[in-house]
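Every number here is computed from the coordinates shown, using simple stated rules; none is lab data. All of these numbers come straight from a predicted model, not from anything done at the bench. FYI the Cβ positions are ideal-geometry reconstructions off the backbone, even for glycines, and counts take in every protein chain you see.
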Amino acid sequence: MLGTLAYRNLFRNKRRTLITAASILFAVFFALLMRSLQYGAYENMIKNVTFYYGYAQVHHKDYWKESSFDNTFEPSADLESQLLRHSNVSGLAPRIEGFALAASESITKAAMVTGVEIEEEEKLINFESKIRSGRTFRKDEKQAILSSGLANFLHLEVGDTLVLLGQGYQGQSAAGKYPICGIVEFGAPQLNSRLVFLPLLEAQSLFAAEGRLSSYILDVENVRRNDDTAIELKNEIPEELTAMTWKEMVPQIAQVIEADNAIGMIALTILYLIIGFGIFGTILMMTRERIYEFGVLISIGMKRWKLMSVMLMEAFFIATIGVIMGIILAYPVLLYFYFNPIYLGSDLANLSQKYDVEPVLHFSLNPEIFLTQGAYVFLIAIIISFYPIYKISKLKVVKALRGTE
Amino acid sequence: MKEIIQIRKLNKTYNPDTVPVHAVRDINLTICEGEFTAIVGPSGSGKSTLLNLLGGLDNASSGEVIIDNTNIMEMDENDLINFRLQNIGFVFQAYNLIPVLSAKENVEFIMLLQDRPKKEREERVKSLLTAVGLGDRLDSRPTELSGGQQQRVAVARALASKPKFVLADEPTANLDTQSAETLLDIMERLNKEEGMTFLFSTHDQRVVNRARRVVNLVDGSIESDIRKE
Ligand SMILES: Nc1ncnc2c1ncn2[C@@H]1O[C@H](COP(=O)(O)OP(=O)(O)O)[C@@H](O)[C@H]1O
Ligand SMILES: [Mg+2]
């Protein structure tokens with residue numbers, strides 16, 4: 001009976017019900033849009049960092065401060081099995097990194113040379129998916145893969161020869177000529193402008209660092225446990241080594257995300273407040289119009305809690321409809337933009353290159369966004385409905401009947 | 001005759017600390033089963049205040065209202081709501097009904113609050129609405145009924161809970177003469193045929209003439225209490 005009453009009350013003032021449900025719908029819609037855009041940006045920023053650095057790395061404890069060959073290490077089967085034994089680590093990608101001058105016939109540029117085991121990089125750099133022209137190299141080939149920014153700068157193409165000049169382990173000179181087998185393109189502008197990849201063995205020999213590694217990139221299974229995993233590993237592995245998360249290695253990105261997220265939260269709060277006050281206004285009017293009726297119902301013998309539960313059910317109906325409609329409306333929009341990210345015009349693009357972010361607005365479909373925003377707005381609507389409930393609890397029957405409550 | 005309401009030394013003062021208004025003064029009154037009583041007096045004489053106290057809707061400043069050997073002034077709010085549901089039928093001046101429920105549902109509503117079985121509810125709703133002359137308007141919403149018809153549904157609802165008595169505060173005040181007459185006819189018949197006790201307030205002389213007992217209120221005190229034969 002109470003349910004029927006609540007349901008019928010929705011149609012009592014259709015316009016008001018519609019306005020309330022629509023307010024909730026808009027709140028959900030815009031909150032989802034905002035959050036999807038923010039999460040999309042964060043996910044992309046993190047992706048642009050972690051595809052190269054991984055979620056976590058193991059390297060010499062001084063390597064991140066001073067990435068010289070003195071701070072490389074000799075891997076051992078013991079170490080590998082120790083790392084792989086951790087429940088959250090499912091794979092390792094060994095790398096050696098060093099700086100060198102990259103040169104074509106007439107141009108030179110500082111580059112970061114990374115020796116990789118191509119099969120182990122599948123879940124990280126994933127060359128196959130980023131290759132713009134040419135192909136990847138095999139383990140035992142003497143070939144190089146260039147990032148497209150560097151290739152463009154040096155005017156090099158697949159089939160051309162790249163010259164690398166630098167200094168290797170213990171001050172030995174490092175020099176080599178490498179045919180270019182492939183060019184890859186990365187979203188992160190900075191990395192895209194300076195990366196050169198060689199097969200691990202080839203890079204080790206270039207830098208006279210045979211058998212040595214700069215780092216193991218960890219393949220982390222559950223990203224949410226990343227921070228804990230790094231701490232746990234730190235305590236287990238030999239003392240001269242350490243484990244670092246991407247947040248420690250590239251703190252700027254983590255900070256940018258945190259700051260932007262805080263601004264997003266403020267914007268969301270403002271959105272919630274505006275919509276919340278709008279809803280409150282209609283609820284206020286509804287309550288005032290029904291005070292007399294509340295008085296009659298309590299007079300004839302309806303318990304207050306029954307009346308309150310009718311109000312709560314009404315709020316529940318409206319909030320559910322509003323939230324679900326908001327999600328239904330937002331989802332296709334977000335889905336569209338997820339697959340068709342917005343490319344910014346060239347003015348903005350230049351600016352974003354300067355700040356090392358991709359000139360693209362990415363959207364996220366992370367279910368967390370739908371859950372949290374749906375839940376927040378729903379909760380706000382329910383909290384607002386506590387106004388009539390509070391009124392009913394305090395109602396003086398006689399005053400309500402006299403119209404002076 | 002059985003006494004069902006005993007009022008002893010009842011007083012009600014509004015705003016005792018600021019601008020005291022003595023709306024009910026030292027009232028003693030006994031209502032017996034089957035009576036058809038009008039509380040009469042000009043506006044502001046304390047009729048509503050008295051009926052509210054009798055109905056357990058408001059607290060007295062002092063005195064007792066004893067219904068069925070219970071002083072309702074000593075009951076707490078929750079017990080009082082239940083007491084009203086089981087013992088008192090209410091008819092207010094206007095807007096008695098839940099607008100989103102039909103006539104039938106409005107009458108049934110109070111029996112649902114009482115948890116009465118479905119079969120009993122359905123039979124009673126039919127017979128009561130027929131008794132108030134609305135047997136053919138069971139499914140009409142309050143907005144589809146005239147003011148007089150709405151008051152008749154309210155009377156049917158008041159009786160549906162099988163109360164000990166019905167309190168009606170100026171039930172005809174918003175009605176035209178014809179509708180008021182009809183409503184009184186119905187109340188009178190229910191009083192005679194079913195023995196229902198009615199206590200209603202009015203300041204309309206035509207309505208007063210229909211009552212068999214007239215309690216005259218002036219400035220919150222009983223000036224006269226006349227039983228007609
Ligand atoms: N809540 C209140 N606060 C103060 N004075 C009130 C209140 N309710 C009624 N009164 C006063 O009490 C007196 C009796 O009012 P009421 O019982 O409504 O009379 P009636 O129903 O006969 O018109 C009037 O003077 C009225 O102004
Ligand atoms: Mg009155």
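Quick notes on this one:
- Of all residues making up the stretch A:290-322, the number that are of a type outside the set (Val, Ile, Thr), within 14 Å of chain B (Cβ to nearest Cβ), within 30 Å of B:Asp79 (Cβ to Cβ) and in a helix (DSSP H, G or I): 16
- Residue within the stretch B:128-141 that is touching a helix residue (DSSP H, G or I) at 6+ places or on another chain (Cβ under 9 Å), surrounded by fewer than 22 Cβ atoms within 10 Å (Cβ to Cβ) and within 14 Å of another protein chain (Cβ to nearest Cβ) present: yes
- Hey, A:Leu37 surrounded by 16 or more Cβ atoms within 10 Å (Cβ to Cβ), hydrophobic (A, V, I, L, M, F, W, C), assigned to a helix (DSSP H, G or I) and touching a strand residue (DSSP E or B) at 6+ places or on another chain (Cβ under 7 Å) or not: yes
- Sole residue being among the polar types (S, T, N, Q), over 24 Å from B:Thr30 (Cβ atoms) and outside any helix (DSSP H, G or I), chosen from B:Ser140, B:Ser127: B:Ser140
- Some residue of the stretch A:264-271 being within 14 Å of chain B (Cβ to nearest Cβ) and surrounded by fewer than 18 Cβ atoms within 10 Å (Cβ to Cβ): no
- Here B:Glu194 clears all of (1) of a type outside the set (Ser, Thr, Tyr); (2) surrounded by 18 or more Cβ atoms within 10 Å (Cβ to Cβ); (3) more than 16 Å from ligand 1 (Cβ to nearest atom) except the condition numbered (2).
- The one condition in (1) away from chain A (no Cβ under 14 Å); (2) away from ligand 1 (no atom under 16 Å from the Cβ); (3) closer than 22 Å to A:Val296 by Cβ that B:Phe200 fails to fulfil: (2)
- Residues in the stretch A:366-405 that are closer than 26 Å to A:Phe277 by Cβ and not in a helix (DSSP H, G or I): 3 in all.
- If the condition is being assigned to a helix (DSSP H, G or I) and hydroxyl-bearing (Ser, Thr, Tyr), then the stretch A:179-210 contributes only A:Ser205.
- Selection from the stretch B:96-112 of residues that are facing chain A (nearest Cβ under 9 Å) and touching a residue at least 40 places away in the same chain (Cβ under 8 Å): B:Asn96, B:Leu97, B:Ile98, B:Pro99, B:Val100, B:Leu101, B:Glu108, B:Phe109, B:Ile110
- Within the stretch B:7-53, tally of residues that are within 16 Å of ligand 2 (Cβ to nearest atom), without any contact (Cβ under 8 Å) to a residue 60 or more places away in the chain and either more than 14 Å from chain A (Cβ to nearest Cβ) or surrounded by fewer than 22 Cβ atoms within 10 Å (Cβ to Cβ) (or both): 3
- Residue under evaluation B:Asn52, criteria (1) over 15 Å from the mean Cα position of the chain (by Cα); (2) over 14 Å from B:Ile222 (Cβ atoms), criterion not met: (1)
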